[in-house]
1. Have a look at Gly28, Gly16 and point out the one that is of a type outside the set (S, T, N, Q), touching a Lys or Arg at 6+ places or on another chain (Cβ under 8 Å) and more than 11 Å from Glu86 (Cβ to Cβ).
2. For residues that are of a type outside the set (A, V, I, L, M) and surrounded by 12 or more Cβ atoms within 10 Å (Cβ to Cβ), scanning just the range 130-139, find the one that is modelled with the lowest pLDDT.
3. Restricting to the range 7-38, name every residue that is over 25 Å from Phe107 (Cα atoms) and in a loop (DSSP other than H, G, I, E, B).
4. If I filter the range 89-97 for residues that are assigned to a loop (DSSP other than H, G, I, E, B) and without any contact (Cβ under 8 Å) to a residue 24 or more places away in the chain, do I get at least one hit?
5. Of everything in the range 49-67 that's basic (Lys, Arg) and at pLDDT 95 or above, which residue is nearest to Arg89 (Cα to Cα)?
6. Output the residues belonging to the range 68-111 that are surrounded by fewer than 16 Cβ atoms within 10 Å (Cβ to Cβ), among the acidic types (Asp, Glu) and modelled with pLDDT of 95 or more.
Amino acid sequence: MPTRLNEFKAYFTITGDFDPSEMTERIGLSPSESWKKGDRNEVSHMERKFSRWSVYSRLDLSRPVVEHMRDVLQQIEPYSAKLKPEISRFEAGMQTVAYFHQESPWFHFDADVVTGCASLGLSIDCDFYTLYSDRREDS
């Protein structure tokens, strides 16, 4: 059985105690996903402890993570003047996620992506999930 390819994604997110619809109005950009503190999480059925406003990459999961980051930056950079006050008021960052179905877990961030994140004052968070095993299924 062939091993699945590694999968990557990235998204910009703001978290804190705010109304996501007001955030959208202030920034002028619609989020890919948002929720409000106190809303019910559809998966866990628990109350959300904070609000979140996020813009996701539009690329296929097979593309390298740096391309996902670049796509997110291209979406949010035209709104940077309106984003910067929100970024300074709340927690904000570039989130990266990798699902490693094969060996070789590595990341590389090109200078333009690092500079783009830095110019907005964004942290970069990397979540790695190693989903392969060196053990044989029949041993």
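The values are calculated or read from the model by the stated rules, or taken from the named source; none is laboratory data. If you're wondering where the values come from, they're calculated on a predicted model, not measured in any experiment. All Cβ positions, glycine included, derive from the backbone under ideal geometry; neighbour counts span all protein chains shown.
1. Details: Gly16 fails: more than 11 Å from Glu86 (Cβ to Cβ).
Sole residue among the options that is of a type outside the set (S, T, N, Q), touching a Lys or Arg at 6+ places or on another chain (Cβ under 8 Å) and more than 11 Å from Glu86 (Cβ to Cβ): Gly28.
2. Of all residues in the range 130-139, those of a type outside the set (A, V, I, L, M) come to 130, 132-139.
Now narrow it down to the ones that are surrounded by 12 or more Cβ atoms within 10 Å (Cβ to Cβ): 130, 132.
On the way: Thr130: 83, Tyr132: 72.
Taking the candidates together, the pick is Tyr132.
3. Within the range 7-38, Asp17, Phe18, Asp19, Gly28, Leu29, Ser30, Pro31, Lys36, Lys37, Gly38 meet the criteria.
4. To start, the set of residues in the range 89-97 that are assigned to a loop (DSSP other than H, G, I, E, B) comprises 90.
Of the ones still in play, those that are also without any contact (Cβ under 8 Å) to a residue 24 or more places away in the chain are none.
Checked against the condition, which is being assigned to a loop (DSSP other than H, G, I, E, B) and without any contact (Cβ under 8 Å) to a residue 24 or more places away in the chain, the range 89-97 yields no hits at all.
5. Arg52
6. Glu77, Glu91
Quick grid of which residues meet (1) under 18 Å from the mean Cα position of the chain (by Cα); (2) under 23 Å from Cys126 (Cβ atoms):
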residue	(1), (2)
Asp19	no, no
Thr24	yes, no
Glu33	yes, yes
Met46	no, no
Arg52	yes, yes
Ile76	yes, yes
Arg89	no, no
Ala92	yes, yes
